[in-house]
Amino acid sequence: MDTVANLLSHARRPDDLNTIVVAGVIGMALARKRRPLISGLSEARFQKLLDEYFIGIALSNGETAETGIGEFDDLLELLLEHRAEPAEPGAWLAHAVASAAMGESHLWEDLGLPSRRHLSDFLRTSFPALAAKNTGDMKWKKFFYRQLCERAEVPICKSPHCADCCDYGICFGAE
């Protein structure tokens, strides 16, 4: 049984999209032998997350020293500012998404989701104000980095408007 499926078999709410995302991030990190499983969470916070989402799962998050990756910290801050749930569960989701965004695949794949549509549904629910800004349906990782560049007042388009840019198909094309 694959790691994500194993986690979901112990989930309190296996059909809940938040649970699927958490299981996906942890499962993908385990499969890729990457630690920490969710960056930026102390072991105590990670254990609280496990207890909230799963029954009888014993895992360690691994090293949780400061990430030292500016883009992780910047993305985490952006997600924390836009989370729908201001309490700890919303912060866990922000850490999970920021951790997955450091992966090399499409974000929906790094989150262990079956499709980009599932990712969009999750983001519209868990980070609605941020998701609403993606009016052109830009690929999510590119969208996040565009948001970070705009916050830093760094222009990223090669032309005045995305529609005129030679990279339009890369940012907005099918995945």
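The values are calculated or read from the model by the stated rules, or taken from the named source; none is laboratory data. Keep in mind that what you see is a predicted model, and the values were worked out from it rather than measured. Here the Cβ positions follow ideal geometry from the backbone for every residue, glycine too, while neighbour counts run over all protein chains shown.
Quick notes on this structure:
- Residue 41 being farther than 19 Å from residue 123 by Cβ, in contact with a Leu (Cβ under 8 Å, 6 or more places away or on another chain) and of a type in the set (A, V, I, L, M, F, W, C): yes
- Scanning the range 109-124 for residues that are under 16 Å from residue 31 (Cα atoms) and at pLDDT 95 or above yields no hits at all.
- Residues of the range 125-143 satisfying the condition of being among the small types (Gly, Ala, Ser) and modelled with pLDDT of 95 or more: 126, 129, 131, 132
Quick grid of which residues meet (1) in a loop (DSSP other than H, G, I, E, B); (2) of a type in the set (Ser, Thr, Tyr); (3) in contact with a Phe, Trp or Tyr (Cβ under 8 Å, 6 or more places away or on another chain):
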| residue | (1), (2), (3) |
| --- | --- |
| 38 | yes, no, yes |
| 47 | no, no, no |
| 51 | no, no, no |
| 56 | yes, no, no |
| 62 | yes, no, no |
| 129 | no, no, no |
| 135 | yes, yes, no |
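- The number of residues in the range 84-124 being in a loop (DSSP other than H, G, I, E, B) and touching a Gly at 6+ places or on another chain (Cβ under 9 Å) comes to 4.
Here's the yes/no breakdown for (1) without any contact (Cβ under 8 Å) to a residue 24 or more places away in the chain; (2) in contact with a Gly (Cβ under 9 Å, 6 or more places away or on another chain); (3) surrounded by 17 or more Cβ atoms within 10 Å (Cβ to Cβ); (4) not aliphatic (A, V, I, L, M):
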residue: 13; (1), (2), (3), (4): no, no, no, yes
residue: 26; (1), (2), (3), (4): no, yes, yes, no
residue: 52; (1), (2), (3), (4): no, no, no, yes
residue: 75; (1), (2), (3), (4): no, no, yes, no
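- Within the range 87-96, the residues that satisfy the criterion of being surrounded by 17 or more Cβ atoms within 10 Å (Cβ to Cβ) and hydrophobic (A, V, I, L, M, F, W, C) are 91, 92, 93, 94, 96.
- Subset of the range 77-86 that is closer than 19 Å to residue 46 by Cα and at pLDDT 95 or above - its residue that is surrounded by the fewest Cβ atoms within 10 Å (Cβ to Cβ): 77
- Qualifying residue in the range 97-110 (condition: surrounded by 15 or more Cβ atoms within 10 Å (Cβ to Cβ), touching a helix residue (DSSP H, G or I) at 6+ places or on another chain (Cβ under 8 Å) and over 26 Å from residue 149 (Cβ atoms)): no
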